Amino acid sequence: MATEIKAPNFPESVAEGSVATWHKKPGDSVERDELLVEIETDKVVLEVLAPEAGTLSEIKAEEGDTVQSEQVLGLLGAAEAKADKADAKEESEEESKDESKKESNDAPKAESKSDSKPAASGKTHDVKAPSFPESIQEGTVATWHKKIGEAVKRDEVLADIETDKVVLEVVAPADGALKEIKAEEGSQVESEQVLAIFAEGAGDDSGADEGASAESRGDESEASGSETDEKVGDKILAPAARKLVAEHDLDVNKIEGTGKGGRILKEDVQRAVKEGNAKKASQPSAAPQKAAAAAPAVEGERPEKRVPMSRLRQTIAKRLVQAQQTAAMLTTYNEVDMGAVMALRAQYKDTFQKSHDVKLGFMGFFVKAASEALKRFPDVNASIDGTDIVYHGYQDIGVAVSTDRGLVVPVLRDTDSMKIADVEKTIVDFGKRARDGKLGIDEMQGGTFTITNGGIFGSLMSTPIINPPQTAILGMHKIQERPMAVNGKVEIRPMMYLAVSYDHRMIDGKDAVQFLVTIKELLEDPARLLLDI
């Protein structure tokens, strides 16, 4: 009996997905939990694994098709169902071999010599960008992990495509090598646009080191490679190298090429930039004196650089503006004496790290304090959905994490039941995977409240912006010693300003102020967190 292969159960905010890549063909045998197909949503790429061992008997949703949550993608039959097909395929291959031998005997010796090389099979593939969901219009080629002619294995990552949601990986369709790159790093590409040409069986490890011929390696730069290489004077530049030369305004005659025939590669330009030995000599101005007088003289260089805004940064900008335009946002401030938390941390940090294999930071205390305060003030833990108010009977706290690509907010689930050690471990894991671009979309959805810590960058005070559809956000800041009046005396205390921005449509000022005061009191007396008082 056939087993249905279904799409994953999409989160509520994901309406549909697209079938990106089938890794198996009908008739292929598969093992349990082996990767069958990838589904792309507007948030992340989801993997569909084989529910059991067997044979892929039918594909019902082809690559590029739009599918719904839990839609049937294909059928998986019993393993023995492949036997008949395998026998037929074997007989066909035997006949093909016999024909090949016959043709081989009749062919001229010159051709026989050429055919004996372990070169490419001759079959080429278009390497395409993934099928973007409707909410994503285009992406940017972030990184090519392989160079032209470099040998790769099937499913090895060729390139990364950056969208406003997530970084998508483009993998090799077979064993072979890139023959031509059509979309260089930084290029804007659309859904299913051809990124490169891929040749099966090609690659440096199958004889490409020696150059199949001058036509395919050396002369290709000037003849057939006009779409990828460019000749500047006596120098031949690879496309990626040409882009870097233009960005850094370098003199190509000062760059030594290490590629075939002196071809300048991307690595050559990067080395020249690092060493600083390929800058163009300053040229005397040839402009008329009248034009020169039009602008005031400025000493020194005044460089400018224009780069396109990343998809993630565009989305962040759009959502921040949207939050300010749609929410009646106000901010209330307070300050907390961090002395008690710092003393507790100093006393137990070594023991804590030995016991839990993670450092004891401040975020664990803030998450636990916020969880308790959210239980006491359910309006702060609620969200607005149209004209409805949704009260959440749990605390899922998002923690803002800064990456090179921008800010992401992974969510800690059920923080009320988490221990401080669990909070610290999860935040460390979030930070590492966020910087590597490995966070799943389900990990960044569904938060009921957010904490952001500008203090790690030195911020003394700021006004955080709400993360819709949430109705409040807590801003932490730098701990700074200040003179404070304590029991009628002036003492130097480690103080931190706190800020809570809230949607006044949902939360009254009284509740927002008391919520923040509760967090302050819990942090200034950490025993309250343990005694639940």
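The values are calculated or read from the model by the stated rules, or taken from the named source; none is laboratory data. Since this is a predicted model, take the numbers as computed values, not measurements. When we count neighbours, we look across all protein chains shown, and the Cβ atoms used for this are built from the backbone with ideal geometry, even at glycine.
Can you go through Ala292, Ala281 and tell me which one is modelled with pLDDT under 75, loosely packed, with under 13 Cβ neighbours inside 10 Å, part of a loop (DSSP other than H, G, I, E, B) and not assigned by TED's automatic domain parsing to the domain that holds Ile236? Even if it seems obvious, please write down each step before you answer.
Details: Ala292 fails: part of a loop (DSSP other than H, G, I, E, B).
One residue alone meets the criteria, Ala281.
Going residue by residue through region 470-478, is there one that turns out to be over 23 Å from Gly364 (Cβ atoms) and buried (at least 20 other Cβ atoms within 10 Å of the Cβ)? Yes, region 470-478 contains a residue that is over 23 Å from Gly364 (Cβ atoms) and buried (at least 20 other Cβ atoms within 10 Å of the Cβ).
Would you point out which residue out of Ile465, Ile420 is modelled with pLDDT under 95 and in contact with a Leu (Cβ under 7 Å, 6 or more places away or on another chain)?
On the way: Ile420 fails: in contact with a Leu (Cβ under 7 Å, 6 or more places away or on another chain).
Sole residue among the options that is modelled with pLDDT under 95 and in contact with a Leu (Cβ under 7 Å, 6 or more places away or on another chain): Ile465.
Only residues that are among the basic types (Lys, Arg) and more than 22 Å from Phe362 (Cα to Cα): list them for region 424-454, please. Can you show your working first?
Going through region 424-454, the residues among the basic types (Lys, Arg) turn out to be 425, 432-433, 435, 438.
Once the filter is applied, which keeps residues that are among the basic types (Lys, Arg) and more than 22 Å from Phe362 (Cα to Cα), region 424-454 yields only Lys438.
In region 302-316 there is at least one residue matching the filter, namely being modelled with pLDDT of 75 or more, surrounded by 10 or more Cβ atoms within 10 Å (Cβ to Cβ) and within 30 Å of Gly149 (Cβ to Cβ).
Restricting the search to region 443-467, which residues are surrounded by 15 or more Cβ atoms within 10 Å (Cβ to Cβ) and either in contact with a Ser or Thr (Cβ under 8 Å, 6 or more places away or on another chain) or part of a loop (DSSP other than H, G, I, E, B) (or both)?
Taking region 443-467 first, the residues surrounded by 15 or more Cβ atoms within 10 Å (Cβ to Cβ) are 443-455, 459, 461-462, 464-467.
Listed by number, the residues that qualify are Gln445, Gly446, Gly447, Thr448, Gly454, Ser459, Met461, Ser462, Pro464, Ile465, Ile466, Asn467.
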